[in-house]
Amino acid sequence: MIYVSYAELAKDIVEWSQQLPRNIDAFVALPRSGVIPASMLALHRNVRLTTVDDFKAGRYFLGGYRDQVRSVKKVMVIDDSLLSGKSMNDAANKLKGIKDVQILYGAVYVKPGVVKPGIHTFKQVEMPRIFEWNWLHHFWLQRTCMDIDGVLCRDPTNEENDDGLRYRKFLHTVEPRHIPTVEVHTLVTSRLEQYRDDTVRWLHRHGVTYKNLIMHPAESAKARRKAGDHSKRKAQVYRDSHYQLFIESSQRQAEDIHARTDKPVLCTDTGAFYS
């Protein structure tokens with residue numbers, strides 16, 4: 001699996017900008033994934049930024065607000081990646097009829113072998129691949145293991161982690177951190193099995209869908225701490241399965257899960273990808 005981080009995207013944008021046609025007056029983002037590269041390009045070139053619908057209405061983002069601009073002669077519609085080209089075709093159809101403006105099209109990344117005449121691309125990226133800015137709604141979550149504390153919500157503090165009333169309050173009231181919009185195949189957590197009902201209610205309340213929920217079998221937090229097998233358990237579930245990605249918050253555990261399985265692990269705390 002190929003992983004592209006925000007840092008890699010920023011570096012690629014600078015290089016791609018040098019290759020793109022000059023005299024582009026504005027970059028037109030194709031929501032949602034195209035907003036990030038279009039914003040980077042607009043800032044790097046110091047030109048206007050807009051979205052497809054705003055461009056059609058003649059509106060641009062200027063210093064944090066929208067305004068009408070009439071002097072635009074050349075724009076480029078931007079997406080993060082190009083696969084089938086359907087999104088670009090939809091944008092082109094939407095923008096038909098606009099006069100006196102040259103409209104170019106571009107995507108930073110392209111699947112090898114995909115050739116779409118008239119669309120500028122920068123780099124071929126093999127499949128399967130995942131971007132740092134889209135993992136929360138990527139279909140690969142259907143083949144993924146994911147931790148809960150640190151990923152879907154923050155970790156409990158030492159005071160909250162008392163295996164008693166304060167911990168139950170944490171389980172009921174903790175605010176979400178990352179909520180995926182795609183069903184996750186398996187949640188693998190070090191929360192104790194006795195807190196399954198509390199966990200399930202929180203997941204349901206915040207719209208997290210999943211197939212399996214694997215919890216720690218220890219009788220108490222003290223027994224779990226004595227076992228000290230957080231990453232070992234997670235790695236065992238991940239290794240002996242068809243799963244193709246593990247999403248973990250702890251850098252130490254992410255490194256250990258990868259070392260034990262030799263399979264891809266994404267660390268949400270650092271953005272590191274171990275492959």
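The values are calculated or read from the model by the stated rules, or taken from the named source; none is laboratory data. Quantities reported herein were computed from a predicted structural model and do not represent experimental measurements. Note that we place each Cβ from the backbone using ideal geometry, even for glycine, and neighbour counts take in every protein chain shown.
Things worth noting here:
- Among (1) in contact (Cβ under 8 Å) with a residue 24 or more places away in the chain; (2) in a loop (DSSP other than H, G, I, E, B); (3) farther than 21 Å from GLN142 by Cα, the one test that LYS222 misses: (2)
- Only one of the listed residues (HIS185, HIS242, HIS258) is closer than 22 Å to ARG129 by Cα, assigned to a loop (DSSP other than H, G, I, E, B) and not charged (D, E, K, R). That residue is HIS242.
- Among residues of the stretch 157-186, those that are within 29 Å of PHE139 (Cα to Cα) and in contact with a helix residue (DSSP H, G or I) (Cβ under 8 Å, 6 or more places away or on another chain), counted: 12
- Among the residues making up the stretch 261-275, those that are closer than 22 Å to ASN134 by Cα, part of a loop (DSSP other than H, G, I, E, B) and not small (Gly, Ala, Ser) are LYS263, PRO264, THR268, ASP269, THR270.
- Residues that are loosely packed, with under 14 Cβ neighbours inside 10 Å and of a type outside the set (D, E, K, R) were ranked within the stretch 228-275; the one that is modelled with the highest pLDDT is ALA259.
- Highlighted here would be strands (runs of 3 or more DSSP E) found entirely within the stretch 1-101 that include at least 2 residues which are acidic (Asp, Glu) and more than 30 Å from TYR274 (Cα to Cα), but there are none.
- Checked against the criterion of being in contact with a His (Cβ under 9 Å, 6 or more places away or on another chain), surrounded by 13 or more Cβ atoms within 10 Å (Cβ to Cβ) and either aromatic (Phe, Trp, Tyr) or over 15 Å from ILE247 (Cβ atoms) (or both), the candidates ARG224, ARG201, ARG196 yield just one match: ARG224.
- Residues that are touching a residue at least 24 places away in the same chain (Cβ under 8 Å) and either out of contact with any Ser or Thr (no Cβ under 9 Å at 6 or more places or on another chain) or not assigned by TED's automatic domain parsing to the domain that holds ILE119 (or both) do occur in the stretch 30-38, at least one of them.
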